[in-house]
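No lab work stands behind these numbers, since they all come straight from the coordinates. Only a predicted model underlies this, so the values are computations on that prediction, with no experimental measurement involved. Backbone-built Cβ (ideal geometry, glycine too); neighbour counts: all protein chains shown.
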Amino acid sequence: MLEKEFNDSASPAIRHTARLQLRTPVAGDFHFLTELFSRPELVAHRPMPRPDSPEESAARLSRDIGHWKDHGFGRWAVEAAGALIGFGGVTLSKEFGGLNLSYHLQPASWGQGYATELVRETLAFAFDELHAERVIGLVRPINAASSRILEKCGFRFEREVMLHGAPTNMYALGS
């Protein structure tokens, strides 16, 4: 079974907002992650809008867990009312410098302000605790909802970049 590839030995770092609990991802999140990234509406804005295979989900979870182990921060597992609803946070951007903000929430939680709450908490963490100088967000032009969330949280459109073979809008906050 793929989830045996992960190590749950690290103690989770937990943060709270008014409605969310943010914690480090663990191997037990595999089934939720696989289901999340199998949703057509979640992957619709990718250059190749197809759901992830279980192996791709396992690799994604492994990268998230590994980023936490290597850097002491990363994408959190996001819970609301005691249930896992998605993943989000900041990781090091190898291509564009600074920290890269990303989040993926289950469609049933869209439109309830969770993404904005997650982004605001992530930015407080990035600037106040990690002392980041710059955070970027990469959004496909067709994903107007994500663009609005970033703008509401203070990001400004910086430029169009190519990401995985598709035009992508880069938003930035900080210097």
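Kindly check whether there is at least one residue in segment 32-41 that is over 14 Å from residue 106 (Cα atoms) and without any contact (Cβ under 8 Å) to a residue 40 or more places away in the chain. Within segment 32-41, none of the residues are over 14 Å from residue 106 (Cα atoms) and without any contact (Cβ under 8 Å) to a residue 40 or more places away in the chain.
Residues that are in a helix (DSSP H, G or I), among the hydrophobic types (A, V, I, L, M, F, W, C) and free of Cβ contacts under 8 Å to residues at least 40 places away in the same chain within segment 108-119 comprise 108, 115, 119, listed in sequence order. Put simply, of 64, 70 the only residue that is surrounded by 21 or more Cβ atoms within 10 Å (Cβ to Cβ), of a type in the set (D, E, K, R), outside any strand (DSSP E or B) and out of contact with any helix residue (DSSP H, G or I) (no Cβ under 6 Å at 6 or more places or on another chain) is 64.
Restricted to strands (runs of 3 or more DSSP E) entirely inside segment 120-175, those with at least 2 residues that are of a type in the set (Gly, Ala, Ser) are 166-174.
If I ask for residues that are charged (D, E, K, R) and free of Cβ contacts under 8 Å to residues at least 24 places away in the same chain, which ones from segment 44-59 would you list? Give the steps one after another, and end with the answer.
The initial filter retains those residues of segment 44-59 that are charged (D, E, K, R), namely 46, 50, 52, 55-56.
Answer for segment 44-59, where residues must be charged (D, E, K, R) and free of Cβ contacts under 8 Å to residues at least 24 places away in the same chain: 50, 52, 56.
Of the residues screened, residue 126 is not one that is more than 25 Å from residue 30 (Cα to Cα), in contact (Cβ under 8 Å) with a residue 12 or more places away in the chain and loosely packed, with under 15 Cβ neighbours inside 10 Å. Can you confirm whether segment 85-106 contains a residue that is under 15 Å from the mean Cα position of the chain (by Cα), more than 18 Å from residue 14 (Cβ to Cβ) and part of a helix (DSSP H, G or I)? No: segment 85-106 contains no residue that is under 15 Å from the mean Cα position of the chain (by Cα), more than 18 Å from residue 14 (Cβ to Cβ) and part of a helix (DSSP H, G or I). Would you mind finding the one in 49, 40, 141, 107 that is touching a strand residue (DSSP E or B) at 6+ places or on another chain (Cβ under 7 Å) and surrounded by fewer than 16 Cβ atoms within 10 Å (Cβ to Cβ)? Sole residue among the options that is touching a strand residue (DSSP E or B) at 6+ places or on another chain (Cβ under 7 Å) and surrounded by fewer than 16 Cβ atoms within 10 Å (Cβ to Cβ): 141.
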